[in-house]
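The values are calculated or read from the model by the stated rules, or taken from the named source; none is laboratory data. Keep in mind that what you see is a predicted model, and the values were worked out from it rather than measured. All Cβ positions, glycine included, derive from the backbone under ideal geometry; neighbour counts span all protein chains shown. These area figures cover heavy atoms from the full protein model, side chains too; ligands, DNA and RNA do not enter into them. Shrake-Rupley method; radii C 1.70, N 1.55, O 1.52, S 1.80 Å.
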Amino acid sequence: MTCSDVERMLPEILDGAPDGAFQTAFDLHLKSCPECSDLVSDLKLITNEAQYLAASDEPSPRVWVRIEAQLRAEGLIREAQPVRPRPTLVPALLGRRWGAWLVAPVAAALVAAGSYVVSHRPAPSVVQQQTPPSASPAPSPGSQSSAATEAASLPATPASDATASETASTTAAVLAPVQQPAPRAAGAKAVEPVPSPEDEQFLSAVSTRAPSLRATYENQLQAVNADIRETQAYVDRNPGDIDARQHLMDAYQQKALLYQIALDRIQ
Amino acid sequence: MMNLVQSRKSDRQSRSQGQRFMSGLIRSNRCRVGHLTVDRRQSRIDRTSVVTLVLACSLASSLTAAAFAATKEYRYTVGPHANVSVDTQYGAISIRPGSDNQVVVTAVFKSDNVEVDQQQNGNRIDIASHLLHGTDQPTGQVDYELLIPPDATVNLHSMTGPLSAERLHGDLTLEGAEAVVNVRDVENGHVHVRTMRGPVTLINVRNGHVEISSISGDVHLKSVTGTSVQASTGSGKIFYDGDFSSGGDYTFITHSGDIEALVPADVSADFRAHSVLGRVQHDFPLKPQHSRFSEEVGRSFVGSAGQASSEVVLRSFSGKIRLKQR
């Protein structure tokens, strides 16, 4: 077995799917190849930690009730089919408990509902899909997907429970990381979310120290945040892409560099 | 330098003109002080009073000239491997080799709203512009020119720049937000550069440890070699023209900027290039090599050339990567 074999079979290996012979060859390779061994342990660690994220960031059951109601209203659910009260939002972590047979119809139904919502409420829905969560425009590496985090946080706000349109927006936001076909930089950079409290504090410090430089730093900050969001979205869709994860770390380092240049040196 | 010479000439001319004026005032029979016309033959002001008045005027004139002096020069005697630091909010800093045991700093002011805090502690010299309250960029600018021992360690900081260093072989750190950074003809030292959006150009940097970080500035490297050469920029481009020699590690990283490397046919290096979303290409043959990194056509390539004495890693998230033969 070679390193590329391991890399290719990694998803199955992590799921525990390979047969005994393959597993033996795999174990032998790991003993002789520290790089692959490190890679596998890193991915196992990420997978284990992510399970806790899945449990902690589950949305309120009301979200699913409203989605179910919306699907019924569209005639997509005719029988009183049991909608699981608390399905996970992290597809990579569904594992064998759910399986593809359940993901596919639910995803298709959500796409249909989302399409209907988007076509009937174009402006807010589009903005909602393009805009990462305002509460955390720059999620930390390893955190759950930004849209999923947003969906999880919405039920906690009274406004999110109030109207059907917000439920529709929630549906669209849920769809974004799962079904949207790889939104690229242009889309991600088109709409700048509200700055995080940390960024506001940073810009405030820049304004105090050097008002003439605020616009420059704000533009740079927006660009760096857009890079982070773009990379995070890609990593969410491709959690096994080690290079993309490295780029995500690089993007955060760029943001740290921006903070450092501004706050270390401005008198 | 021309500005400095002209400034000094201008100072001398204004002072000599003032002295001629005062001499004429003393010699003349009539002079005007404020609204009062003084006739020496008729006035009751005696000669002593006039002399006192003239001396006071002369002293005030000298003080005024000193306060608005556009140029200041500082000299320090140092030993081997001195450490020189210059920190200014606004303005250029250029640094060149001078004598082996002396640091000469020339500061050119745009206004008197800035002071220079300077001190020497043994072999260490710290120079910093101190902006007085309410000073903005046009009035807060101070341009520095330094002549230093070639082996000195140098730290330069300017928000606006430009920053330049040449013909040195000590460690260099240059940092600026919008500063254009130029380093040339440097060897055997570390060269660390950080900018926000200022472009960085390194020419003929040999046998060094090079580390460049920029958020959106372009990075141009020509004939840059060393045991470790790293450049990273977000949206800026990285252009390398050289032979990747010295058996070093060369790592170039961008987020959305392109990476282009121009190398000779006899280059000797292992190459690994990967762009997550951009295109990757090379126009000369590379020998395949065993690697744990799987090759994806159009997105990555792995291979070696010559004796593979150096390792070259080119990574971008969405930028294009191109390896070309010179």
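Here A:Glu7 meets each of (1) at pLDDT 80 or above; (2) open to solvent by less than 80 Å² (accessible area, probe 1.4 Å) with one exception, condition (1).
Got at least one residue in the stretch B:233-249 being assigned to a strand (DSSP E or B), more than 29 Å from A:Ile228 (Cβ to Cβ), open to solvent by 10 Å² or more (accessible area, probe 1.4 Å) and among the small types (Gly, Ala, Ser)? Among the residues of the stretch B:233-249, not one is assigned to a strand (DSSP E or B), more than 29 Å from A:Ile228 (Cβ to Cβ), open to solvent by 10 Å² or more (accessible area, probe 1.4 Å) and among the small types (Gly, Ala, Ser), which makes the answer no.
Just one residue in the set B:Ala261, B:Ala273 is within 14 Å of chain A (Cβ to nearest Cβ), open to solvent by less than 10 Å² (accessible area, probe 1.4 Å) and in a strand (DSSP E or B); that residue is B:Ala273.
The numbered conditions (1) among the hydrophobic types (A, V, I, L, M, F, W, C); (2) within 11 Å of chain B (Cβ to nearest Cβ); (3) surrounded by fewer than 20 Cβ atoms within 10 Å (Cβ to Cβ) are all true for A:Ala226 except (3). Could you figure out which of (1) under 30 Å from B:Gly176 (Cα atoms); (2) buried (at least 21 other Cβ atoms within 10 Å of the Cβ) isn't true of B:Val280? Here B:Val280 clears every test but (1).
In the set A:Ala251, A:Ala256, only one residue is under 17 Å from the mean Cα position of the chain (by Cα) and open to solvent by less than 70 Å² (accessible area, probe 1.4 Å); that residue is A:Ala251. Scan the stretch B:298-326 for residues that are within 14 Å of chain A (Cβ to nearest Cβ) and either out of contact with any Lys or Arg (no Cβ under 6 Å at 6 or more places or on another chain) or more than 15 Å from B:Asp283 (Cα to Cα) (or both) and the total you get is 11. Identify, please: which residue in the stretch A:245-263 is free of Cβ contacts under 8 Å to residues at least 24 places away in the same chain and of a type outside the set (Val, Ile, Thr) and is, among those, farthest from the other protein chains (Cβ to nearest Cβ)? The selected residue is A:Ala256. Considering only the stretch B:172-182, I want to know if a residue exists there that is out of contact with any Ser or Thr (no Cβ under 7 Å at 6 or more places or on another chain), outside any strand (DSSP E or B), crowded, with 20+ Cβ neighbours inside 10 Å and more than 14 Å from every other protein chain (Cβ to nearest Cβ). No, every residue in the stretch B:172-182 fails to be out of contact with any Ser or Thr (no Cβ under 7 Å at 6 or more places or on another chain), outside any strand (DSSP E or B), crowded, with 20+ Cβ neighbours inside 10 Å and more than 14 Å from every other protein chain (Cβ to nearest Cβ). No other residue among B:Val154, B:Val86 is within 14 Å of another protein chain (Cβ to nearest Cβ) and under 22 Å from B:Gly208 (Cβ atoms) apart from B:Val86.
Starting from residues that are in a strand (DSSP E or B) and under 36 Å from the mean Cα position of the chain (by Cα), keep the ones in the stretch B:276-289 and report whichever is nearest to the other protein chains (Cβ to nearest Cβ). Please lay out each step first, then the result.
Residues of the stretch B:276-289 that are in a strand (DSSP E or B), as a first pass: B:280-282, B:287.
The next check asks that each one be under 36 Å from the mean Cα position of the chain (by Cα); those that pass are B:280-282.
Numbers: B:Val280: 12, B:Gln281: 18, B:His282: 18 Å.
Going through the qualifying residues, I end up with B:Val280.
Yes or no, residue by residue, for (1) in contact (Cβ under 8 Å) with a residue 60 or more places away in the chain; (2) more than 14 Å from the chain's Cα centre (by Cα):
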{"site": "B:Asp112", "(1), (2)": "no, yes"}
{"site": "B:Glu115", "(1), (2)": "no, yes"}
{"site": "B:Asn123", "(1), (2)": "no, yes"}
{"site": "B:Ile127", "(1), (2)": "no, no"}
{"site": "B:His130", "(1), (2)": "no, yes"}
{"site": "B:Thr135", "(1), (2)": "no, yes"}
{"site": "B:Val142", "(1), (2)": "no, no"}
{"site": "B:Leu147", "(1), (2)": "no, no"}
{"site": "B:Asn155", "(1), (2)": "yes, no"}
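Just wondering, is there one or more residues in the stretch A:155-173 that are under 30 Å from A:Val40 (Cα atoms), at pLDDT below 50, away from chain B (no Cβ under 13 Å) and open to solvent by 60 Å² or more (accessible area, probe 1.4 Å)? Before you say what the answer is, go through the steps one by one.
First, pick out the residues of the stretch A:155-173 that are under 30 Å from A:Val40 (Cα atoms): none.
No, there is no match, as no residue in the stretch A:155-173 is under 30 Å from A:Val40 (Cα atoms), at pLDDT below 50, away from chain B (no Cβ under 13 Å) and open to solvent by 60 Å² or more (accessible area, probe 1.4 Å).
Restricting attention to the stretch B:200-232, and to residues there that are in a loop (DSSP other than H, G, I, E, B) and open to solvent by less than 10 Å² (accessible area, probe 1.4 Å), which single residue is farthest from the other protein chains (Cβ to nearest Cβ)? Filtering the stretch B:200-232 for residues that are in a loop (DSSP other than H, G, I, E, B) and open to solvent by less than 10 Å² (accessible area, probe 1.4 Å), the one farthest from the other protein chains (Cβ to nearest Cβ) comes out as B:Gly217. Condition check for B:Gly91 on (1) on the phi > 0 side of the Ramachandran plot; (2) open to solvent by 60 Å² or more (accessible area, probe 1.4 Å): one failure, at (2).
Across the stretch A:187-213, the qualifying residues are those that are more than 30 Å from A:Pro11 (Cβ to Cβ) and within 12 Å of another protein chain (Cβ to nearest Cβ), and the one among them that is modelled with the highest pLDDT is A:Val206.
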